[in-house]
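No lab work stands behind these numbers, since they all come straight from the coordinates. Source: prediction; values computed, not measured. Don't worry about glycine lacking a Cβ; one is built from the backbone with ideal geometry, like all the others, and counts go over all protein chains shown.
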């Protein structure tokens, strides 16, 4: 592995993170709060560190980025981004414990939305904006942003793009990977602008509109209010967020395909999108019915809205809450827990296993059942008319096995912090799937502040491997990776 190339690019990425800290400084000046100095110092330290790496390690020859370099660049960028991203929390006095600041920052960049803050509304606006901005930067991908801004990575940019993108394989929208990255970020930016305007029209301040848009489009879930979206008590705001959470859970490459073809039939033809829409619809209907049956429903539209909001929030791994669903009937809680392990579509900002992988597993399961009846039948697994190769099937099955294994082991590790069974399970699931809020002690009305430092750092690791889909980080733990 060429370490010089790795940390040269990591340095550029960290510089981008440092410069982005200047945006929260604007809000500190606007509101006249005392967090300005801490934010500016954080920005200076981060930018100087990144720029120094860039200048000292700048290679003399053309960049050669292979698979190893791609994995290392992405992993080290995300870790260092979270380390330096912790500085605004520490230098403004918002947090005094590094484990807390690192947890909050990793939760932001990985769009998990789990928090250790007990009183969000008491936090200075500059820090709150930085907290939400980490969502937006991490949503489409820190390194994908770098690829979009700079074209110097050339062909090697695909290795970086591949290591950070979500799903089975990244969609190469344009011939050049830097152009593909620009298309994705432009789409992301356009949807963010539209949602910000709609939330502002609905009565949110411009500051809150931006912060909640960052949390929605990145499927992150950080709010500026202790009650999350429930604070606003507005059907309009809830439905704007429901719609954009759903849109954020769709493969962003489909938006370009629709724009390019000028036809919405692209969505109808896409098998993954159809399953995603069916799951959301079915889960919303079931949840609405059960809320009425168990006496939790009052007016139909309100109950339906609450059900739709929480279903979409969980399946897209956003983690916003319009109420405390901890008190809901067991069947609805089990439904939400199951949705945690599905996630959004491949190529979306959502986390977890992804609808595409679930679709492949379902198709393969039915194929095996068919072969049990007709052993001599020659069958193939197809999705959208394309044959899924055996190598891809094995990849999906191994990924799913690893995901569930890590979830179970992590629940055991977290339970060492002397928490109850449901809290340990849901904390493990909520951090690994990047949902954020779980159930019981980590429910939507609670937070993660009561955990010890070891648990917080361990769950930060879960957020990282969940966001980067296991392989990108875990391959670095294999000694073979470091051998020439």
Evaluated at q = 0.14, 0.16, 0.17, 0.22 Å⁻¹: base-10 log I(q)/I(0), Debye formula over Cα of the stretch 269-350: -0.44, -0.57, -0.63, -1.00
Exposure proxy check on 354, 371, 182, 386: fewest-to-most Cβ neighbours within 10 Å is 386, 371, 182, 354
Stokes-Einstein D for the stretch 340-412, Kirkwood Rh over Cα pairs, 25 °C, 0.890 mPa s (µm²/s): 180
If a/c stays under 1.5 just call it rounded; otherwise compare a/b with b/c (prolate if a/b is bigger, oblate if not). Do that for the chain, with a ≥ b ≥ c from the square roots of the Cα gyration tensor eigenvalues. rounded
For a quick check: sort 131, 467 by the number of other beta carbons within 10 angstrom, fewest at the front. 467, 131
Check: C-alpha center the stretch 232-287 vs C-alpha center the stretch 412-478, spacing in Å is 28
Would you please classify the overall shape of the stretch 237-383 from the alpha carbon gyration tensor, given that a ≥ b ≥ c denote the square roots of the eigenvalues, rounded means a/c under 1.5, and beyond that prolate means a/b larger than b/c while oblate covers the rest? oblate
Here D for the stretch 432-484, in µm²/s, from Stokes-Einstein with a Kirkwood Rh over Cα pairs at 37 °C and 0.692 mPa s, works out to 257
How far apart, in nm, are two points set 7 Å out from the Cα along the Cα-to-Cβ line at residue 269 and at residue 390? 3.1
Which percent of the Cα-Cα distances in the stretch 256-296 go past 14 Å? 61
What number in nm² do you get for the stretch 178-243 if you take the convex hull of its Cα atoms and divide its surface by four? 4.4
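Quick one: in the stretch 1-71, what % of C-alpha pairs are over 16 Å apart?
So the pairs more than 16 Å apart make up 54 percent of the total in the stretch 1-71.
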Rounded, prolate or oblate: pick one for the stretch 18-142, where a ≥ b ≥ c are the square roots of the eigenvalues of its C-alpha gyration tensor, a/c under 1.5 means rounded, and failing that, prolate if a/b is larger than b/c, else oblate. prolate
Normalised per residue, the volume of the convex hull around the Cα set of the stretch 43-116 (Å³): 99
Rounded to two decimal places and with Rh computed the Kirkwood way over Cα pairs, what is Rg over Rh for the stretch 318-451? 1.07
Run the helix sum for the chain: -39,500 (n - 2.57) per DSSP H stretch of 4+ residues, divided by residue count, reported at 222 nm to the nearest 500 deg cm²/dmol. -20500 deg cm²/dmol
